1. At a Förster distance of 25 Å, what's the computed FRET efficiency of ARG387 paired with ALA313, Cβ-Cβ distance as r, to 0.05?
2. Net charge around ASP102, counting only other residues with Cβ within less than 12 Å of its Cβ (Lys, Arg = +1; Asp, Glu = -1)?
3. Over the range 351-415, calculate the relative contact order: mean separation of alpha carbon pairs under 8 Å at least 6 apart, over the residue count, as a percent.
4. Taking the beta-carbon count within 10 Å as an exposure proxy, list THR374, THR242 from fewest neighbours to most.
5. Add +1 for every Lys or Arg and -1 for every Asp or Glu among the other residues with Cβ under 10 Å from the Cβ of ARG365, and state the total.
6. Give the peptides 276-287, 337-348, 248-259 in descending order of average Cβ contacts within 10 Å, highest first.
7. I need the calculated FRET efficiency for the pair ASP265 and ASP195, taking r as the beta carbon distance and R₀ as 45 Å, to the nearest 0.05.
8. Length gain on complete extension for the stretch LYS484 to THR351, per 0.36 nm per residue less the alpha carbon to alpha carbon distance?
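Just so it is clear, none of the values below were taken in a lab; they were calculated from the coordinates. Keep in mind it's a predicted model, so treat the numbers as computed, not measured. Here the Cβ positions follow ideal geometry from the backbone for every residue, glycine too, while neighbour counts run over all protein chains shown.
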Amino acid sequence: MAQRIQHYIGGRFVDSARQFANLNPVDGTVVGQVCEASAAEVDQAVQAAKAALQGDWGRCSPAQRADWLEKLAAGIEQRFEAFVQAEVLDTGRTVRQARTLDVPRAIANFRFFANLVRQAHTECFETIAADGSRALNYTVRKPLGVVVAISPWNLPILLFSWKVAPALALGNAVVSKPSEETPSSAFLLAQVAHDIGFPAGAFNVLQGFGGDSAGQAMISHPDIDAVTFTGASATGAHIMKTVADGVKDVSFELGGKNAAIVFEDADFDAAVDGVVQSTFTNSGQVCLCSERVLVQRSIYERFVAALKARTEALVLGRPDDPATDIGPMISKKHQAKVVSYFELARQEGATVVTGGDVPVFGDDRDQGFWVRPTIWTGLPDDARCLREEVFGPVCHVAPFDTEAQAIARANDSDYGLATAIWTRDLSRAHRVSPQMRSGLVWVNTWYLRDLRTPFGGVRRSGIGREGGRHSLDFYSEVTNICIKIQDAPSTGDH
Ligand code: NAD
């Protein structure tokens, strides 16, 4: 029987009258029934969160909260394979990726923020005024309150825990929602929280859709204090408008249309490998993926040929096959969106170097949501296919002549999330990197993450930074306290 995926509200698992089907993208089969939260259930979760802040959870010290996060991490570890299967069934990604990236990163997120909050310190200044009086200024960090955390489907538990862990570490109560496409791993995390006796109401999980559904009810609830969101730029803009009247805090990690720049002095093979990785990881469904590849003209033809060969060797396969490189798109709707860009690219004059269609397997996968890895060339810089995020296994490769041209064309985007630069010239790496209009720049690598570093984008790619102390800053309010410790010396005092 298909699994029923519930909400977790105030420490209890809750069913909804309305439910929807959870599909396996590999073959389109139904793998679960998911409860769809109503506005009333969203309100219950917000009230439970408020009560938790007034109760045991609100009284926890940072060290006690860190201990709870460690227990969550240990609980995920104990159910490691269940999390792997949940991620694989919801997304069709490879078992290998779930085991080596998604689930380990969820564990690391909880451990990292536990350590961070244990070591967090505040500021203190001794102030000597012009008249000689003295005061002590110091800051205290307090939770924001009820934090709404909404995450997308592309890296489900990795991104869900990236929001939930710091929010809890800083003492907030969380009302969260995973994507309707990937409900299972958040449900499992609720089970872990329940099993370890996590303070009731501090961590709530609602299932359901976004607009006109649970997500909308969450962001428009008057009693929430902040929204941390990862997803599409248009959704971020909508959330911003919705919370504007209440002047709620927001942290947005949004879409990208990222450039990779390959200079002629790059290690050629490493650059080809790097672009294959940055274009096709997770079937191109990573906000950081390169969709615009700029290659210096002297190596352009050779590069396109090498990239074509590597792309055509990628194996589209089932999640448990160790040979698999590429899985399906998350949904029929998303497959249709990517295919619509395949058609648009042809209308806009692209040369399809490889791919550009839906594969035919001759088995049950033909009911799944697959597309073929694709390379385009020949589009003008203002083509819609070069300006809009496709979010699939596809890139466009274009030649450039000078460093200045490469910088200008890479920066010519409404988005600004990540840039990958391939060069062996150290001076060039330092010269070009700070000129990129993106929140992240990688040189001779891609996707290498240190959780202490700031993560986020500029322009339509987001607002704010998370990671390390940047997460401390977003998930807490700082109050400055100024205490007079000595009057101004009176005349004649020694
Ligand atoms: P999406 O915006 O459609 O949905 C994301 C989440 O928001 C889902 O949980 C959805 O239910 C919810 N949602 C949708 N409409 C809502 C509304 N009106 N009110 C409240 N919640 C709402 O995005 P998606 O298709 O799930 O994810 C893909 C997008 O996410 C891509 O654009 C990708 O670039 C972006 N993304 C960005 C990052 C980053 O770190 N910058 C990381 C991963 C994905």
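1. Values: r = 30 Å, r/R0 = 1.19.
Rounded to the nearest 0.05, the efficiency is 0.25.
2. +2
3. Dividing the mean separation by the residue count of the range 351-415 yields 29 percent.
4. On the way: THR374 26, THR242 16.
If I rank by nearby Cβ atoms, fewest first, I get THR242, THR374.
5. On the way: positive: ARG318; negative: ASP27, ASP363, ASP364, ASP366.
Residues near ARG365 contribute -3 overall.
6. Peptide ranking by packing, descending: 248-259, 276-287, 337-348.
7. Efficiency at R0 = 45 Å is approximately 0.25.
8. Between LYS484 and THR351, full extension yields 40.7 nm more.
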